[in-house]
1. Could you grab the relative contact order for segment B:13-212? Cα pairs under 8 Å, six or more apart, rounded to a whole percent.
2. Among DSSP beta bridges whose residues both lie in chain A, state the antiparallel percentage, nearest 5.
3. Compare A:I56, A:I39, A:I95 in a GNM of chain A, Cα atoms joined below 10 Å, and give the one with the largest fluctuation.
4. Name the residue farthest towards the positive end of the dipole of segment B:13-212 from the options B:Q156, B:M36, B:L168, assuming +1 on Cβ of Lys and Arg, -1 on Cβ of Asp and Glu, about the Cα centre.
5. Which whole-number percent is the relative contact order of segment B:1-103 (Cα, under 8 Å, 6+ apart)?
6. Could you give the C-alpha radius of gyration of segment B:1-151 expressed as a fraction of 2.2 N^0.38 Å, taking N as the number of residues it contains?
7. Can you give me the convex hull volume of the Cα atoms of the protein assembly as shown, divided per residue and expressed in Å³?
8. Rounded to the nearest 500 deg cm²/dmol, what is the calculated helix-only ellipticity per residue at 222 nm for chain B, with -39500 (n - 2.57) per DSSP H run of length n ≥ 4?
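Bear in mind these aren't lab numbers, they're just calculated from the coordinates by the rules spelled out. For clarity, every value in this text was computed on a predicted model and none was experimentally measured. Cβ coordinates were reconstructed from backbone atoms using ideal geometry, including for glycine residues, and neighbour counts include every protein chain displayed.
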Amino acid sequence: MHEMSIVEALMEQIIEMSQDEDWEAVTRIRLKVGAMRQIVPDILKFCFDVASKGTIMENALLEIDEIPLLIKCDECGYLWSDREFLGMCPKCSSINVNLLNGMELELTNLEVEMKHAKTC
Amino acid sequence: MPRLVNVKKSVMAADEEHASFIRSMMKQKGVLMINMIGSPGSGKTTLLEKLLPKLNLRCAVIEGDVATSRDAERIAVTGTPVVQINTQGGCHLEANLVRKALRDIPIDDIDVLFVENVGNLVCPAEFDLGETFKMAISSVPEGDDKPLKYPSLFHQARAVLLTKVDVLPYIKFDRSAFWRDVQKLNPGADKFELAVIEGKGLDDLIGAIEDWLKDIRGN
């Protein structure tokens with residue numbers, strides 16, 4: 001259950017970013033979460049909904065791009081994607097494999113409403 | 001009109017800054033910092049109790065627990081400087097908490113800093129504390145399937161300890177399956193078997209700690 005810590009860190013980062021900006025509200029938050037991060041998206045969303053009440057990002061839509069594991073075998077060069085990291089190449093059974101993707105935990109972008117709609 | 005703001009920054013960026021601060025501090029001071037991660041009851045504190053008096057190095061301990069200072073009290077008996085962090089419900093330590101605790105650690109006078117994380121195989125693996133490396137601690141009674149069920153920790157750990165091997169005759173535990181799975185997840189890990197109460201395996205671990213310290217000090 002480390003989802004709440006992650007939500008707190010995410011909110012702190014967004015609140016800090018909003019300090020010097022003319023944001024009315026944050027309406028959408030897009031994250032990249034690697035499959036090796038042991039994060040349950042529904043729990044992350046639940047924590048966010050609870051914690052964001054009364055903040056600039058209350059009611060924002062949390063969009064989570066789940067990044068599957070990408071693993072490369074250093075022995076035979078085989079590259080594959082998987083839901084679990086089992087540490088063995090399905091082609092040559094080597095255990096000399098490397099995790100390329102799956103540890104991501106990134107705030108990709110935000111969608112915000114500005115306070116004063118500028119007309120030009 | 002909604003506006004799109006590109007960020008592309010780690011969610012944990014603020015805490016990662018604390019972690020890199022700690023990592024450079026340890027590097028500069030030549031301190032080996034070990035982040036000990038294992039289930040509640042896997043024997044992390046008992047290991048420290050038995051290890052510290054035998055280790056011919058200057059050590060300090062940071063104890064992470066949800067509540068109480070029981071573990072710190074047990075460590076204090078060994079005469080080792082110890083700081084207790086209570087996470088008040090938090091299931092893992094974070095670098096900002098460790099950085100605060102470091103104020104009470106005599107960092108200039110130690111060789112090794114042990115950080116005993118909150119007992120949990122999941123969350124502590126996901127937070128960098130600025131440690132030299134993570135040490136996974138798994139005990140025989142927990143079962144031989146722990147590496148595959150908690151791959152993130154066993155994949156990252158530089159050292160894997162199997163504790164309580166003295167109860168192997170009484171428990172259904174496939175020792176070779178346990179180590180085979182560790183090997184698959186983490187071919188480079190140093191592996192240890194211990195029965196701490198009897199003192200079994202402690203000398204191997206002590207030798208390894210001395211080697212790791214030499215490694216980071218480049219001699």
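1. Details: 387 pairs, mean separation 49.5, N = 200.
Worked out over segment B:13-212, it gives 25 percent.
2. Numbers: 17 of 24 bridges.
That works out to approximately 70 percent antiparallel.
3. A:I95
4. B:L168
5. The value is 26 percent.
6. Expressed relative to 2.2 N^0.38 Å, the Cα Rg reads 1.13.
7. Details: hull volume 55.9 nm³, N = 339.
Dividing the Cα hull volume of the protein assembly as shown by its residue count gives 165 Å³.
8. -10500 deg cm²/dmol
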